[in-house]
1. At 7 Å along Cα-to-Cβ for each site, give me the label-to-label distance between ASP152 and ARG113 in nm.
2. More than 30 angstrom separation, counting every C-alpha pair in region 89-261; what % is that?
Amino acid sequence: MKEFFNSHACLRQPGIVTSVRPTFDYPQRSGLSVLGRTVTQRRESKRLFAPIARDTKRPYNRNVKFALLTIALATAQLLAAQRVVIRLPLDETEQYYLVSFDQSRASAKDVERWMKFAEYGYYSAGVSLSGCDKSAATRMRKDLESTRRMSDQLDSETYPPQLSPVVAYLRGQLRLQLWLGAQEIRFAETGALPKSNAYGMPACRATAERASHERANGGCSVIGSWTDCILRSSASRLGRYPNPQFKAFLNEKGIRILKWEGIGD
């Protein structure tokens, strides 16, 4: 011990205290200092404990994803459960719409009423040309009366303002059908046809003359061509069915047209 204090110069002098910390020779590992070993230990600690940290996060992420997926599936099932598919009109006819709708946004009664304004719905009826003789005139007169009642019903309808252009078109279409039906009945009874269309514009004169001449000789094929000619000449005045406005209204109410089945389709 005496040699230790002498060798490390732990000296006492009058008025001066000098202390020198003894130094020890720590064993070195792979040439690393104490500081170097600390860095190595930190690195090893991160390497050893990183998988544990990742493992603690993974179950949480999986649980969150599973919960979100469950919510999405439940929402989809709920929405699907609220959708109903119906056939309109409800009676068994050859022409019908297959429609789906969201029960939380519209009732079946509302859907049935609104679909009457569809392009080929309830208000798209007219007079069926069924011949050129007086017996055919009797049958067509019944169609004409039915179309007139339909037109009166449309005039008394209440409807959402979004359907105003649709109703305006249907009113014009029914007026044209009433005029056409009256002319076809008159033709079946007398063989005479007008030389102008429903709006008073000269149209289809040559076809009308051919139809009258054929009728006088017992024929009845040209009258169909005259009807088509009148419809074409009236198209610019009548316009086209406002399908974009009607579809926009249906989308707003959660209604989708899945299928239209017409005669011969």
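1. 2.1 nm
2. Value for region 89-261 (Cα pairs over 30 Å): 28 percent.
All of the numbers you see were taken from the coordinates with simple rules; none came from a lab. Nothing here was measured: the structure is a model prediction, and the numbers come from that model. Virtual Cβ from ideal backbone geometry, glycine too; neighbours counted across all protein chains shown.
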